[in-house]
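Just so you know, all these numbers are worked out from the coordinates, no wet-lab data involved. Since we're looking at a predicted model, the values are computed, not measured. Here the Cβ is made from the backbone with ideal geometry for all residues, glycine too, and neighbour counts use every protein chain on show.
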Amino acid sequence: MDVSSYLEWPFFTPEHGELARRVDAWATAYFANRTFAEDRDSVDHACRQLVSELGRAGWTRYSVPSAGTGNADEGHDTAARGSPSASRGQLAEHGFQAERGAGDGRVGTRSVSPAFDVRSLAIIRETLARHDALADFAFAMQGLGSGAISLAGSPELKERYLPRVASGEAIAAFALSESAAGSDVAAIRCRARRDGDSYVLDGEKTWISNGGIAEFYCVFARTSDAEVRPDGTVAARGISAFVVDANTPGFSIARRIDVISPHPLATLSFDGCRIPATHLLGTEGDGFKLAMRTLNVFRTSVAGAALGFGQRALDEALDHAVNRPMFGKTLADFQLTQATLADMATDLDAARLLTYRAAWLHDTGRPCAKEVAMAKMTATESAQRVIDQAVQMFGGRGVMHGERVEQLYRDIRALRIYEGATEVQKLIIGRELINMAKKNS
Ligand SMILES: Cc1cc2nc3c(=O)[nH]c(=O)nc-3n(C[C@H](O)[C@H](O)[C@H](O)COP(=O)(O)OP(=O)(O)OC[C@H]3O[C@@H](n4cnc5c(N)ncnc54)[C@H](O)[C@@H]3O)c2cc1C
């Protein structure tokens, strides 16, 4: 694929195009002679190495907005140009205070949240995912795992964790889900009790990516009892967020979880786990909102990753179709094949338009909850369809271990589930539409 073609779209600045080309060149060189074994130890080792290499190359700096990399509109594309990593002083200087003014791409002065450049995050994920699922995962988790600190951490917490996340020296994780609280986030039961200058955490978290290799976890826990409404649903109040270092007494990995596209994943246990009260992120009781704000930034990048997987499947399918001899011709000579390829390419471009529209809306300070949900749902569902069509086109080879399309078939599946499953995205879109209709009536 010509990596630069979609970067001509009006959502992007020239710096975005340059970023995509640089990441692509890096990944092409890095993965030229590299494949990863899928046993747990090899995957853990590969992930640690990838985070470190992505840090050295400058890409993980895009996970941390104040590292002076994120706002390509402002020409802050220092990581893409290979400049040295942001110092602690620079972090303080940028102060996590800039947020884009509504509508015009300017940086305003509201000190509400730092300015993540979601287009850069999605571009990096799309590019890495075209090359390697684990590289995409390692990059993505640095942002998701530290996002709550970027959005709501005290200056001390930002200073302590973010420079090392940006440089790839510290591995981050986001710990929200529990076995009985996945889509229904408000139902979480993990507790955090205030005790003097500390909070004491008790309970479990599960499905936690980077569980077992992360240096710290942004953990969401109840600081007051759940309010069960008359209809049985749980109110979103009373949840708070904390940073927990992996070496804190009372924290442990209860068990590791193995999935079809291997990456570090675990159930975490908190047993009288005492952390300093200063490790609270934002205001006590506002954790649900913080989790949603974090997901609203990173969901669009999940769509970016899905595009990368889907594009790789289309590239593989095209290559196979023009080379596979069949009935005295090639597979590509048949109209059924051409129609399938047309569907695949159109599905992907439609999803790409939705994805980068959502990213652009976010980056320019416009409301975008509905559009982010549309992007995440469409890109992950379309990529799944496209990859399935590629597997079909490969025939028997398509399901053979070691074939790229077989791997993509496994890599894409979880993206339709995590960070809000497709059904949850539909609920968000429906809710936004109805709210708008009620407001206008
Ligand atoms: C590979 C992987 C990595 C993950 N990494 C992390 C991580 O790093 N941190 C973290 O906190 N969590 C993580 N998760 C957890 C993930 O966010 C949850 O799996 C997800 O939110 C779904 O929750 P659940 O598995 O409990 O499924 P459930 O919530 O039980 O959902 C089951 C099904 O019900 C559907 N559903 C939900 N609501 C409705 C409704 N109102 N009507 C009809 N159907 C509905 C869902 O869409 C889904 O299809 C990860 C999960 C996976 C698979």
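Please report how many Lys pairs in the chain have alpha carbons closer than 18 angstrom, counting only residues at least 8 apart along the chain or sitting on separate chains.
5
About the Cα centre of segment 361-441, what is the dipole size in debye to 20, counting +1 per Lys and Arg Cβ and -1 per Asp and Glu Cβ, all else neutral?
Roughly 300 debye, rounded to the nearest 20.
Over every pair of different alpha-carbon atoms in the chain, take the mean of 1/r and invert it; report that Kirkwood radius in Å.
22.3 Å
Compare the peptides 252-259, 232-239 by average per-residue count of other Cβ atoms within 10 angstrom and give them in order, highest first.
Going from most to least packed, we get 232-239, 252-259.
Filter the chymotrypsin sites (Phe, Trp or Tyr not before Pro) in segment 303-381 to those in DSSP coil with at most 11 other Cβ atoms within 10 Å of their Cβ, and list the result.
Taking segment 303-381 and a limit of 11 other Cβ atoms within 10 Å, the loop chymotrypsin sites (Phe, Trp or Tyr not before Pro) found are Phe327.
From the residues Tyr199, Ala236, Thr300, which one has its Cα farthest along the dipole of the chain in the positive direction, the dipole being from +1 and -1 charges on Cβ of Lys/Arg and Asp/Glu about the Cα centre?
The Cα lying farthest towards the positive end belongs to Ala236.
I'd like the distance separating the alpha-carbon centroids of segment 1-46 and segment 316-336, in whole Å.
28 Å
Beta carbons within 10 angstrom, averaged per residue: use that to sort the peptides 419-432, 156-169, highest first.
Output ranking for 419-432, 156-169: 156-169, 419-432.
Separation between the Lys426 and Ala254 pseudo-spin-labels, each 7 Å from Cα along Cα→Cβ, expressed in nm?
3.1 nm
Kirkwood Rh, Cα Rg: Rg to Rh for segment 173-285?
With Rg and the Kirkwood Rh in hand, the quotient comes to 0.97.
Using label points projected 7 Å from each Cα along Cα→Cβ, tell me how many nm separate Arg404 and Asp197, to one decimal.
Here the answer is 5.6 nm between the modelled labels.
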